[in-house]
Amino acid sequence: MYKGILIPTDGSELAEKAVQHGIALAKAIGAKITFLTVSETQPQYKTRPDEPGAKILRAAADAASAAGVACDTVNVEHQDPYRAIIDTANSKRCDLIVMASHGRRGVAAVVLGSVTVKVLTHAKVPVLVCR
């Protein structure tokens, strides 16, 4: 079925549910996971030794490891998070994206046009949305 699953996460509570769901799915079907965080291009991130994305990815990778699921982690800087998600899915040859219905921006993001909606609209691979 699916061989590579991309799981974008921002560390929010809802994104954590998507991480856990994606890990369970990958374990059940023997797929590999790529965890992704996207940060906006900002100079202060370059000077911080342990940027927030690294902590988020470390926690996701630890959860996958505990479940016995192989994973990679990717942290990219990009102005358009949805484009970074789609580009990473393509470059890592992921055939499924598992993501939260909305992230840190909450319900306001859904009303204004969330990253999830843009991924659903533009991705060429299936997208599993977790709520």
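The values are calculated or read from the model by the stated rules, or taken from the named source; none is laboratory data. Bear in mind the structure is a predicted one, so any value in this text is a computation, not a measurement. No Cβ is skipped: glycine too gets one built from the backbone with ideal geometry, and neighbour counts run over all protein chains shown.
Quick notes on this structure:
- Any hit, region 58-75, residues being surrounded by 14 or more Cβ atoms within 10 Å (Cβ to Cβ) and at pLDDT below 90: no
- Residue in region 48-56 that is within 22 Å of residue 131 (Cβ to Cβ) and either in a helix (DSSP H, G or I) or modelled with pLDDT of 95 or more (or both) present: yes
- Identity of the residue in region 122-131, modelled with pLDDT of 95 or more and outside any strand (DSSP E or B), that ends up farthest from residue 24 (Cα to Cα): 122
- Under the condition of being within 11 Å of residue 4 (Cβ to Cβ) and among the charged types (D, E, K, R), the residues counted in region 71-96 number 4.
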